[in-house]
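Q: One structure is given below, represented as structure tokens, and several questions about it will come after.
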Amino acid sequence: MAVDRETLEQLVATVRGYVRNRLVPIEAQVAERDEVPPEVLDDFRRMGLFGLSTPVEYGGLGLAASEEIRLILELTWASAAFRSLVGINLGLGSQAILMDGTEEQRRAWLPKIASGEVITSFCLTEPDSGSDSAALRTRAVRDDDAYILNGSKRFITNAPYAGLFLVMARTSPERLPRNAHVSAFLVPADTPGIRLGAKDRKMGQQGAWSCDVHFEDVRVPAHAIIGGREGCGFATAMKSLDRGRINISAVCVGQARRILHEATRYAVDRTQFGQPIGDFQLVQAMLADSKADLYAAECMLDDLARRYDLGERVTLEASCAKLFCSEMVGRIADRVVGNGHADVEDAVAQHAEHVAALDAPPVAFVGGDVDLLLRVQGTVAQGDVADVVDVAVLHPRGVGAADDVDVVLHRQLAQQALHPVGVAGQRGQRVGR
Ligand SMILES: Cc1cc2nc3c(=O)[nH]c(=O)nc-3n(C[C@H](O)[C@H](O)[C@H](O)COP(=O)(O)OP(=O)(O)OC[C@H]3O[C@@H](n4cnc5c(N)ncnc54)[C@H](O)[C@@H]3O)c2cc1C
């Protein structure tokens with residue numbers, strides 16, 4: 001532990017107070033204006049939130065995973081749009097440089113990343129390579145003591161704020177074994193030839209921004225390659241993924257806690273047939289099921305973070321937790337939306353509905369799509385541990401998304417179609433009463 005227990009407890013209490021007194025009251029405004037006020041960014045910087053996972057020697061707080069998740073759980077009591085601002089700096093943005101960067105790269109970038117002076121974006125996904133991200137087309141061609149980058153990246157979280165892009169690009173035209181055709185580059189956002197697309201339009205979690213990033217003859221010095229060697233970019237991303245999945249599991253738990261809190265409050269306050277709806281046993285059963293789901297996820301998260309901090313290899317456990325937690329928050333959200341929140345005027349209750357309907361489901365994409373996590377687990381269950389790495393390397397779903405939870409249209413179309421059915425049909429408990 002890089003900070004003592006008392007300091008950590010103080011930080012947790014400070015963040016809790018800030019989230020509940022400052023962030024929760026502006027959730028509706030942030031959603032409506034699709035913008036987090038710049039003062040919030042400054043407050044995050046002052047609280048040291050950009051540097052939770054960066055070691056002290058590079059200007060961060062150097063928290064262990066089990067400590068970091070306590071802050072994430074506090075932060076995600078409010079809309080996940082707020083956490084999105086710090087997400088990449090805590091994850092791939094710092095960890096890739098820390099784990100595989102040269103000492104010169106660490107000293108040049110980590111203090112700025114930890115302080116929040118520089119916001120990072122991780123650029124892997126492209127218009128034609130998502131799940132099959134190793135099929136990326138962005139090229140980095142060596143030219144004397146430089147590389148010239150050309151290509152386009154898609155869904156890049158925080159790109160409109162970014163001061164530094166971590167760009168995965170192809171340094172070999174052929175696809176090489178273990179994806180050694182991919183290298184990672186540190187590209188300052190003010191490098192000539194970088195152009196941002198329009199902000200992605202989202203149906204949920206407004207305030208968290210992403211967009212396309214285009215690289216047109218972008219020239220970077222040869223020493224901008226992470227670790228100083230070609231062919232290591234994919235391995236770098238994969239190494240950061242376990243911690244990223246711990247973090248995203250914590251996001252799911254934090255959001256689920258808030259949803260359940262709002263649902264319980266509503267069940268107590270809302271009166272029908274002359275009594276609070278929470279008196280009806282079928283409503284109680286939904287809350288009880290949700291609490292059990294949440295408790296299981298909390299236990300899983302604690303165990304995972306503890307093992308990670310002990311230095312255990314947690315690839316299997318991290319994918320289990322990410323799978324379970326993302327589906328858990330979706331289940332709880334589904335129960336809440338189906339329980340009549342749709343017509344509630346109160347802004348805070350609306351947040352729960354919003355998270356439920358729009359923000360929660362896409363976490364299934366983040367940090368590894370559930371389909372592919374199941375494949376990872378299936379492979380391990382068969383005892384073929386070596387294949388886990390292959391599966392992960394061949395199908396690094398969501399590597400680029402490991403630190404964000406905002407919304408892209410494709411999955412939401414399905415959600416839009418499904419939730420009104422749940423509400424309109426009033427679900428089983430209403431029909432049965
Ligand atoms: C909120 C959000 C933030 C993001 N932020 C970033 C970012 O900062 N940086 C970045 O680089 N990327 C980012 N992404 C992109 C993200 O990594 C990709 O969306 C993800 O890898 C999926 O790619 P795709 O959308 O092209 O889906 P596709 O690859 O087209 O997949 C479509 C569907 O096919 C299924 N599928 C594909 N292959 C298989 C298979 N082998 N087995 C079973 N099913 C399969 C998938 O599960 C999915 O349901 C973000 C995405 C989201 C949603």
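The values are calculated or read from the model by the stated rules, or taken from the named source; none is laboratory data. Only a predicted model underlies this, so the values are computations on that prediction, with no experimental measurement involved. When we count neighbours, we look across all protein chains shown, and the Cβ atoms used for this are built from the backbone with ideal geometry, even at glycine.
Q: Any residue at all in the range 94-101 that is surrounded by fewer than 19 Cβ atoms within 10 Å (Cβ to Cβ) and either among the aromatic types (Phe, Trp, Tyr) or without any contact (Cβ under 8 Å) to a residue 60 or more places away in the chain (or both)?
A: The answer is no, given that none of the residues of the range 94-101 is surrounded by fewer than 19 Cβ atoms within 10 Å (Cβ to Cβ) and either among the aromatic types (Phe, Trp, Tyr) or without any contact (Cβ under 8 Å) to a residue 60 or more places away in the chain (or both).
Q: Taking TYR266 as meeting all but one of (1) surrounded by fewer than 20 Cβ atoms within 10 Å (Cβ to Cβ); (2) more than 22 Å from the chain's Cα centre (by Cα); (3) touching a residue at least 12 places away in the same chain (Cβ under 8 Å), write down the number of the exception.
A: (1)
Q: Only residues that are touching a helix residue (DSSP H, G or I) at 6+ places or on another chain (Cβ under 8 Å) and within 17 Å of ARG137 (Cα to Cα): list them for the range 213-236, please.
A: VAL213, CYS232, GLY233, PHE234
Q: Hey, among the residues in the range 131-147 that are hydrophobic (A, V, I, L, M, F, W, C) and surrounded by 17 or more Cβ atoms within 10 Å (Cβ to Cβ), which one's farthest from the ligand (Cβ to nearest atom)?
A: ALA140
Q: Please specify each residue of the range 25-66 satisfying the condition of being among the hydrophobic types (A, V, I, L, M, F, W, C), closer than 14 Å to GLN95 by Cα and surrounded by fewer than 19 Cβ atoms within 10 Å (Cβ to Cβ).
A: Hits for the range 25-66 are VAL56, ALA64.
Q: Taking the conditions exactly as written (modelled with pLDDT under 95, assigned by TED's automatic domain parsing to the domain that holds ARG142, within 16 Å of the ligand (Cβ to nearest atom) and basic (Lys, Arg)), does ARG243 satisfy them or not?
A: no
Q: A further question on this structure: Quick check on ARG22: is it more than 17 Å from the chain's Cα centre (by Cα) and either on the phi > 0 side of the Ramachandran plot or loosely packed, with under 14 Cβ neighbours inside 10 Å (or both)?
A: no
Q: Quick one: which helices (runs of 4 or more DSSP H) lie wholly within the range 17-108 and hold at least 1 residues that are small (Gly, Ala, Ser)?
A: Where helices (runs of 4 or more DSSP H) fall fully within the range 17-108 and carry at least 1 residues being small (Gly, Ala, Ser), they are 27-33, 65-75, 80-90, 92-100.
Q: Among the listed residues ASP200, ASP128, which satisfies the condition of being within 12 Å of the ligand (Cβ to nearest atom), acidic (Asp, Glu), out of contact with any Pro (no Cβ under 6 Å at 6 or more places or on another chain) and touching a residue at least 60 places away in the same chain (Cβ under 8 Å)?
A: ASP200
Q: Among LEU164, LEU92, LEU75, which is the only one that is on the phi < 0 side of the Ramachandran plot, within 16 Å of the ligand (Cβ to nearest atom) and at pLDDT 95 or above?
A: Unique residue meeting the criteria: LEU164.
Q: Looking at the structure I just gave you, is ARG154 free of Cβ contacts under 8 Å to residues at least 60 places away in the same chain, under 28 Å from ARG178 (Cα atoms) and not in a strand (DSSP E or B)?
A: No.
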